[in-house]
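**Student:** Below you'll find the structure I mean.
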Amino acid sequence: MPSDLKAEKQHYVMLVALGLIWGSSFPLIKISLETIDALSGVVARLVLAAVFMTLFTLSRGLRLPRDPALWGKFSLLAMMGTLGPFVLIFWAQQYVDAALASILMGLVPLSSLVMAHLLTSDEKMSVPKLAGVLVGFAGVVVLIGPEALSGLGTNVIGQIAIALSAFSYGFNSVMARRTRVTDLNPFVSTSGVLICSALLSLPLLFIGGTELHTVSLRSGLAVTGLAVLGTCGAYILLYTLLRQVGAAFTSLNNYLVPLSGVGISVVFLGEQLNASALLAFCLIVGGIAISRMRIGRKAVTTE
């Protein structure tokens, strides 16, 4: 059995960067929803991201693959890890508080850990990994506030949508490695997945009802930021991490997302850190550290 994938210093830097990027995406989504309906926002984000990423990739002298089987894999990943979760999250954020949504998205590392154990040969579950995931999840709950859990049971459909998107992200991370899409240059794989995502999203325009002249500059800039930074930039980091250190480690960025939101508020909005935020920081960082511990050489398996 291959040895577990090892994370180096640069991988932790990329993990933090990915958490910061996706942490800034949630407020941008809220801004875009001011004058753009959820489905139109998803289409605009994906089309802009696909165009930008493809032009960027071609400008670097890289070519898009011609293998139909590979484009089939791109389409599968587009549905599971991009279009599906984007639609669910955009729609659910109309009904679910951001705090509770952040906690529910904390299911991504847990789902990634279980699926990586079942579907890969080099990311088997271990006691430290499971303990780290649970400690990190506790940190998210502390950061957001346990009172946010009181919302469980209301707007159940929206909460189920967020949970499904979390499991979809987890499954997608594992499948990206299993289908060997991560063996490609990350610019090429990102372009392929985003092109398929954009094309698959176009039918949503027949459901969405936003007219172009009603879109404010503020919402338009928010969608552009989501496309360029929150999608293109994030996916390049995502596929690089998946290729080099695997799904379980990469999924830990979801614990950094709410933490980055607090950091952005402190730096740019002048908000003060409280004891809960500091405790959450320690739990989340501690959880990531615990998950990378090694106890002997043998991983815990279900066999």
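The values are calculated or read from the model by the stated rules, or taken from the named source; none is laboratory data. Owing to the predicted nature of the structure, the values given are computational and were not obtained by experimental measurement. Note that we place each Cβ from the backbone using ideal geometry, even for glycine, and neighbour counts take in every protein chain shown.
**Student:** Select, from Val96, Val108, the only residue that is in a loop (DSSP other than H, G, I, E, B) and surrounded by 22 or more Cβ atoms within 10 Å (Cβ to Cβ). First the steps, then the outcome.
**Tutor:** Values: Val108 fails: in a loop (DSSP other than H, G, I, E, B).
On inspection, the qualifying residue turns out to be Val96.
**Student:** Restricting attention to region 14-27, does a residue exist that is in contact (Cβ under 8 Å) with a residue 24 or more places away in the chain, among the β-branched types (Val, Ile, Thr) and farther than 29 Å from Leu205 by Cβ?
**Tutor:** Looking for residues that are in contact (Cβ under 8 Å) with a residue 24 or more places away in the chain, among the β-branched types (Val, Ile, Thr) and farther than 29 Å from Leu205 by Cβ, one finds at least one in region 14-27, hence yes.
**Student:** Can you tell me which residues in region 64-90 are in contact (Cβ under 8 Å) with a residue 60 or more places away in the chain and in a loop (DSSP other than H, G, I, E, B)?
**Tutor:** Leu64, Pro65
**Student:** Here's another thing I want to ask about it. Among the residues of region 248-259, are any more than 24 Å from Gly106 (Cα to Cα), at pLDDT below 95 and hydroxyl-bearing (Ser, Thr, Tyr)?
**Tutor:** Scanning region 248-259, I find no residue that is more than 24 Å from Gly106 (Cα to Cα), at pLDDT below 95 and hydroxyl-bearing (Ser, Thr, Tyr), so the answer is no.
**Student:** To continue, here is another question. Here's a check for you: in region 5-32, which residue that is surrounded by fewer than 17 Cβ atoms within 10 Å (Cβ to Cβ) and not in a helix (DSSP H, G or I) is modelled with the lowest pLDDT?
**Tutor:** By that ranking, first place goes to Lys6.
**Student:** Quick one: Ala44 ticks every box in (1) among the small types (Gly, Ala, Ser); (2) exposed (fewer than 15 other Cβ atoms within 10 Å of the Cβ); (3) in a helix (DSSP H, G or I) except a single one, so which number is it?
**Tutor:** It fails just one condition, (2).
**Student:** Something else now. Take the residues in region 260-273 that are farther than 27 Å from Phe52 by Cβ and surrounded by fewer than 18 Cβ atoms within 10 Å (Cβ to Cβ), then tell me which one is modelled with the lowest pLDDT.
**Tutor:** If we take residues in region 260-273 being farther than 27 Å from Phe52 by Cβ and surrounded by fewer than 18 Cβ atoms within 10 Å (Cβ to Cβ), then Leu269 is modelled with the lowest pLDDT.
**Student:** Using beta carbons and a limit of 6 Å, which pairs, at least six apart or on different chains, have the first residue in region 111-122 and on the phi < 0 side of the Ramachandran plot and the second one of a type in the set (D, E, K, R) and in a loop (DSSP other than H, G, I, E, B)?
**Tutor:** The qualifying pairs are Ala116/Glu123; His117/Lys124.
**Student:** Restricting to region 240-255, give me the number of residues that are in a helix (DSSP H, G or I) and either touching a Ser or Thr at 6+ places or on another chain (Cβ under 7 Å) or surrounded by 24 or more Cβ atoms within 10 Å (Cβ to Cβ) (or both). Walk me through how you get there before you give the answer.
**Tutor:** Residues of region 240-255 that are in a helix (DSSP H, G or I), as a first pass: 240-245, 247-250, 253-255.
Next cut, either touching a Ser or Thr at 6+ places or on another chain (Cβ under 7 Å) or surrounded by 24 or more Cβ atoms within 10 Å (Cβ to Cβ) (or both) only: 241-243, 247-250, 253-255.
Summing the residues that are in a helix (DSSP H, G or I) and either touching a Ser or Thr at 6+ places or on another chain (Cβ under 7 Å) or surrounded by 24 or more Cβ atoms within 10 Å (Cβ to Cβ) (or both) in region 240-255 gives 10.
**Student:** I've got another one for you. Can you tell me which condition Glu34 does not meet? The list is (1) within 30 Å of Ala101 (Cβ to Cβ); (2) within 22 Å of the chain's Cα centre (by Cα); (3) not hydrophobic (A, V, I, L, M, F, W, C), and all the others hold.
**Tutor:** Exception for Glu34: condition (2).
**Student:** Moving to a separate point now. Filter region 118-136 for residues that are buried (at least 21 other Cβ atoms within 10 Å of the Cβ) and either within 21 Å of the chain's Cα centre (by Cα) or in a helix (DSSP H, G or I) (or both); which is modelled with the lowest pLDDT?
**Tutor:** Glu123
**Student:** Please pick out the residue among Thr224, Thr214 that is of a type in the set (S, T, N, Q) and modelled with pLDDT of 95 or more.
**Tutor:** Result of the check over Thr224, Thr214: Thr224.
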